[in-house]
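Heads up, the thing below is written out as structure tokens.
Only the coordinates and a few stated rules stand behind these numbers; no lab work does. The shown structure was predicted, so the numbers you read here are calculated from the model rather than taken from an experiment. Every residue, glycine as well, gets a Cβ built from its backbone with ideal geometry; the counts of neighbours run over all protein chains shown.
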Amino acid sequence: MEKALDTKNITQPLDSGDDSTPRQQLQSGATLVKRYSIQEVIGIGGMGSVYRARDLHFPNVVKLVAVKEMINLAPDPLVRQTIVQNFEREANLLATLNHPSIPRIYDYFSEDNRSYLVLEFVHGKDLEAVITDSNGFLPEDQVISWAIQLCDVLAYLHGHKPDPIIFRDMKPSNVMINHNGDVILVDFGIAKTFQSGVRGTMIGTEGYSPPEQYRGEATQLADIYSMGATLHHTLTRRDPRLEPPFSFAERPIRRINTNISVELEAVVNTALQYNPSDRFPGANEMKDALMNVARKTGALTKITSALPVKSGGIKPLWSFKCEDEIRGTPVLYQGSLFTGCYDNNLYALNAADGQFQWKFAADGGIVSRPAVYDGNVYFGSEDHYLHVVSARSGKVVWTYFTEGKVRSSPRIAEGHIFFGSDDQTLHAVNLNTTRAAWKFTAEAPIHSTPFVANELVYFGTEAGMFYSIDFRGEMKWRFQSKRAVTSSPLVVGQAVYFASVDSTLYSLDAKNGWPIWRFRLGKGSVSSPAFADNFVFVGAADGFIYCVDARTAKEVWRFRTDNQVSSSPTIYKDSLYCGSVDGSLYCLEYLSGRLRWKFETKGQITGSPLVFDDIVYIGSTDHHVYALFA
Amino acid sequence: MAEFFRKLFGKDKQEKEKPNAFDAVVTAPLSDQQIDSIISSQNMRYEMQQLVAGSGQSVGKQRDHNEDSLLAFTGTIAGTQSVPFGLYIVADGMGGHQFGEVASNAAVRIMGGYIMRKFHSYLFNLPTQSLQEPLQEVMEAAIREAHRYVQHEAPGSGTTVTATLVLGQQVTVAHVGDSRAYSIYPDGRIEPITRDHSLVKRLEELGHLSKDEVATFPHRNVLIRALGQGEALEADVFTIPFPQPGYIMLCSDGLWGVINEQDMYRAITEAPNLHRACQNLVEAANIAGGPDNISVVIFQLIG
């Protein structure tokens, strides 16, 4: 027997094929025991499907029933027999129950290697689908009313004579909400929750099960825990199956959903206590606690306690007014702050007090971040030129012409300056000769700021192509994203990170361009990523600032601003600084995304902050440059 | 005979003097710089980066059949710049009757097949465009496919899976269960790359078990996540740089459950090559009682 099975497994091709639906599913139109006409599949369980069927014994009315199927795939006769026994146990158990929140059972039978249970058909959808399909959080009152009904039915089951019935599988997908908005508990698949293997390895149902279930104990307190887990999932929309077990305490409800009352949170927390003896002693006690919450909160005491945040209180250290919008990012060099402006000027200010030092007039707006090297300031302008002026005096040192507007910020490395232009070319200019060392022609304007690492130059184009060019100007590799890459890349370790207007944050292998992961943003992004502690930070047009784990591509937190975030985050000490088109500069704790303070300007902020020596410098389209204490 | 040679070469005198001469020699301690240069001159250089691997497996001493499965594939993607490519998977099946080995075998083959199909055109054809699907998503899809297969074809069973895809100097890992991946450095550090999805590990993380209690916990074999189990499976998928210099080792609990890290390190570094290292580890686990099936793969990026 053992050997035979062995051979079969080895000689059979182990290919699941393309169809993911079980092969042996009944087709609509099939009739079971000449009575139940199958209409469609309404669910797929671990052991088979659930169908909606019409009972043909009522020819003059359409009587719908749910037919639950269990396919016995087990090759071993002993296992097969156990499965049938479990099934019949469920049927017999259900037949003795009579409660409005438990579906009625009409019939059960077996055919070949399949067993069927015929149940009351519930019009409605399960709670998991309700959670998934809802746009935001469900109202507290609604959840409390369902929770009270669930406590009622649990109390009924736990009070069953002669032996209490432990449901053992309370979870949103087993709770149906019918067309009246009432709760029906489905799937008494008790045998499924606990399976043991030959070598004593046990596997529990993840997510909703209490810790003691792993030890094989299941009392009514286990159902109380799972009830708490179900409520936690419903209130927070965080699926516990995707989180580490028993980690509810790490996701306090009110941190995720501030609309929930302290009282309801306390009830759920009590149900979720690690030690069974710390939970409600029974479903009735939990119901009483929920009733109290409903009475107390009503509509009277809505708790809205967002943390008080410093906003109006922040006074800038200094501010300086230019003649037009500031859309770019400042740079600091030897006590001077250099910032470009839409009034065509590059300003040099004293970083300590904001005193004007000099300005240099180009013939077009300056939207980029200048670069400083060896006493000179380098910046591109919409007048098609790269300008090089003395940092001390603002006098012209040399200029370099391109065929298009220069909106990409220059990057200086290895004796060369690299920048893109609307002439669709990446220019590499030798700082000694002031002539082009080479040019690389792309297929679209380049707004992205090149990044230089590993003797390669990385940048994106407005057509969505991302390039890696070597120091001779030859393409090493390229990667096609679906929309423009305006965001400037960042290389950390062996990966290059950048965002795209196609709503994706990418991580590629910096050496060969293989994509490692992608992270979906709510909308496109022109923001350039920042990096700290193995986290990548980036803003997006959906108004969020995101923190993503660089190893796993999992979201760590997101922070909502009131308009799109084109600004690029800057990390300084344990804070993240980033502007938003809503006009504010935000300071967040970068590990948690918690707001520390925000500073409101009177215009949009599209440039990025510069932090140096505990001072943040930021430009705004309200024409001002501000210096603030970090 | 010796006498004959001594006569023949006439070195009798010199030999007597030599020991004295050596006694008088005092070696100055080497400077750090000298040591570094000696070490670097001993490091063999390889013009092309090489991925090398060894593997080992044993049913152990106390079981009559093997529920572990492993796959080890080492290759190179051709091109102007050859890129090392490797796929290594270890799976430890469990569940009723014969289903444990069905689950682990299926998991390894289906994942391996899925991933190799994705890379087929890069390895054996002239692709027209670069891979659009990120490596982590390829791994996630592969593990989902294996999960569905096991759920359907071997209901009730489950398996651990620890899979690593090496591409260039990046290692993308997909992991479920309590098989493990380690980074092993020449200086003796052994760092786990994966985190066990076991009840005991979880209770330890929550602070409910102390280090001592962990060792004696009665339910050490209880998994809280396994491929083939549960409706939605979430595997840990992440990418790390290849430890250089160093090794990566994948193994089932038949190895890490009975051999401590120092002994692992010794077995690996004392072996002349990776194949021998794997055999040494398997033997050590069997000498320690061999309570479970043993699977191990070690690979290294050199050059």
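The listed peptides B:175-185, A:444-454, ordered by packing as a protection proxy, come out as B:175-185, A:444-454 (highest mean of other Cβ atoms within 10 Å first). Listed from fewest to most Cβ neighbours within 10 Å, the set A:208, B:149 follows the order B:149, A:208. Classify the stretch A:25-120 from the C-alpha gyration tensor, please: rounded if a/c falls under 1.5, else prolate or oblate depending on whether a/b exceeds b/c. It comes out oblate by the Cα gyration axes. Shown here for the stretch A:459-566: trypsin sites (Lys or Arg not before Pro) in loop regions (DSSP other than H, G, I, E, B) with at most 11 other Cβ atoms within 10 Å, namely A:472. Shown is the FRET efficiency for residue A:613 and residue A:399, computed with R0 = 30 Å from the Cβ-Cβ distance and rounded to the nearest 0.05: 0.40.
May I ask for the net charge around residue A:124, where only other residues with Cβ less than 13 Å from the Cβ of residue A:124 are counted and Lys, Arg are +1 while Asp, Glu are -1? Intermediate values should be presented prior to the final figure.
On the way: positive: A:52, A:125; negative: A:120, A:126, A:128, A:133, A:182.
Overall, the nearby charge balance is -3.
Normalised by the number of residues in the stretch A:322-414, the average gap of Cα pairs under 8 Å and 6 or more apart makes the relative contact order 21 percent. Of the Cα atoms belonging to the stretch A:483-627, the radius of gyration and Dmax stand at 14.3, 45 Å.
The mean count of C-beta atoms from other chains within 10 Å of the C-beta of residues in A:95-108, rounded to a whole number, is 0. Peptides A:25-37, A:331-343 ranked from most to least packed give A:331-343, A:25-37, packing being the mean of other C-beta atoms within 10 angstrom over each peptide's residues.
Neighbour counts of C-beta atoms inside 10 Å place A:517, A:597 in the sequence A:597, A:517, starting with the fewest.
Filter the cross-link list A:511/A:573; A:405/A:439; A:125/A:523 down to pairs whose alpha-carbon distance in this structure exceeds 23 Å. Mind dumping the intermediate values first?
Values: A:511/A:573 30 Å; A:405/A:439 16 Å; A:125/A:523 31 Å.
As for pairs spanning more than 23 Å Cα to Cα, those are A:511/A:573; A:125/A:523.
With axes computed from alpha carbons, what is the tilt in degrees of helix A:220-236 against the longest principal axis of chain A, rounded to the nearest 10 within 0 to 90? Long axis of A:220-236 versus the principal axis of chain A: about 40 degrees.
Considering Cα pairs under 8 angstrom that are at least six residues apart, work out the relative contact order of chain A and quote it in whole percent. That works out to 6 percent.
Summing +1 for each Lys or Arg and -1 for each Asp or Glu, what net charge is found among the other residues whose Cβ lies under 11 Å from the Cβ of residue A:333? Provide the component values of the computation, followed by the final result.
Details: positive: A:392; negative: A:374.
So the environment of residue A:333 carries a net charge of 0.
Using just the Cα positions, wrap the stretch A:124-297 in a convex hull and report its mean projected area in square nanometres, one decimal place. Let's see the in-between values first.
Values: hull surface 41.3 nm².
Taking the Cα atoms of the stretch A:124-297, their convex hull projects to 10.3 nm² on average.
Pairs of C-alpha atoms in the stretch A:20-179 farther apart than 23 Å represent 47 percent of all such pairs.
Left without a cysteine partner by the 4.7 Å Cβ rule in the protein assembly as shown: A:151, A:547, A:578, A:587, B:251, B:278.
Can you list which of the GluC sites (Glu not before Pro) found in the stretch B:216-291 are DSSP loop residues with at most 11 other C-beta atoms within 10 Å? Numbers along the way, then the final one.
Values: sites: B:231, B:234, B:261, B:270, B:283; in loops: B:231, B:234, B:270.
Here the sparse-neighbourhood loop sites are B:270.
Assuming charge only on the beta carbon of Lys and Arg (+1) and of Asp and Glu (-1), the dipole of the protein assembly as shown about its Cα centre is about 580 debye to the nearest 20. Between residue A:436 and residue B:214, the simple label model (points 7 Å from Cα in the Cβ direction) yields a spacing of 6.1 nm.
Suppose every Lys and Arg Cβ carries +1 and every Asp and Glu Cβ carries -1, with no other charges. What dipole size does the stretch A:67-158 come out with about its Cα centre, to the nearest 20 debye?
Numbers: 6 positive and 14 negative charges, 45 e Å.
Here the size comes out at about 220 debye.
The dipole here belongs to the stretch B:48-302: it is taken about the Cα centre, uses +1 on the Cβ of Lys and Arg and -1 on the Cβ of Asp and Glu, and is about 440 debye.
Taking every residue in A:508-515 and counting other chain Cβ atoms within 10 Å of its Cβ, the average works out to 6. If you look at the Cα atoms of the stretch A:322-414, you get an Rg and a Dmax of 11.9, 38 Å. Helical content alone sets the calculated 222 nm signal of the protein assembly as shown at -7000 deg cm²/dmol, taking -39,500 (n - 2.57) per DSSP H segment of four or more residues and averaging over every residue. With the simple model of a label 7 Å out from the Cα in the direction of the Cβ, residue A:361 to residue A:591 spans 5.2 nm. Residues A:187, B:92 in ascending order of nearby Cβ atoms (within 10 Å, fewest first): A:187, B:92. Structural descriptor for the stretch B:107-190: relative contact order 26 percent, calculated from alpha carbon pairs under 8 angstrom and at least 6 residues apart. Mean per-residue shielding of peptide B:200-210 is 3, counting Cβ atoms of other chains within 10 Å of each Cβ. Listed by chain and number, the aspartates and glutamates whose alpha-carbon sits under 13 Å from that of residue B:61, ignoring those within fewer than 8 places in the same chain, are B:283, B:292. The residue B:48 and residue A:262 beta-carbon pair, evaluated with R₀ = 41 Å, returns a calculated FRET efficiency of approximately 0.05. For the stretch A:373-384, the Karplus equation 6.51 cos²θ - 1.76 cosθ + 1.60, evaluated at θ = phi - 60°, returns couplings of 7, 6, x, 10, 9, 10, 7, x, 9, 6, 7, 6 Hz by residue, with Gly and Pro reported as x. A crude spin-label estimate for the pair residue A:629 and residue A:392, with each label 7 Å from Cα along the Cβ direction, gives 3.5 nm. Between the beta carbons of residue A:93 and residue A:558, assuming R0 = 45 Å, the FRET efficiency works out to 0.50 to the nearest 0.05.
Ranked by the mean number of other Cβ atoms within 10 Å of their residues, highest first, the peptides B:209-215, A:457-463 come out as A:457-463, B:209-215.
Only alpha carbons enter this Debye calculation for chain A, each as an equal point scatterer, and the log10 of I(q)/I(0) it gives at q = 0.05, 0.07, 0.11 Å⁻¹ is -0.36, -0.64, -1.04.
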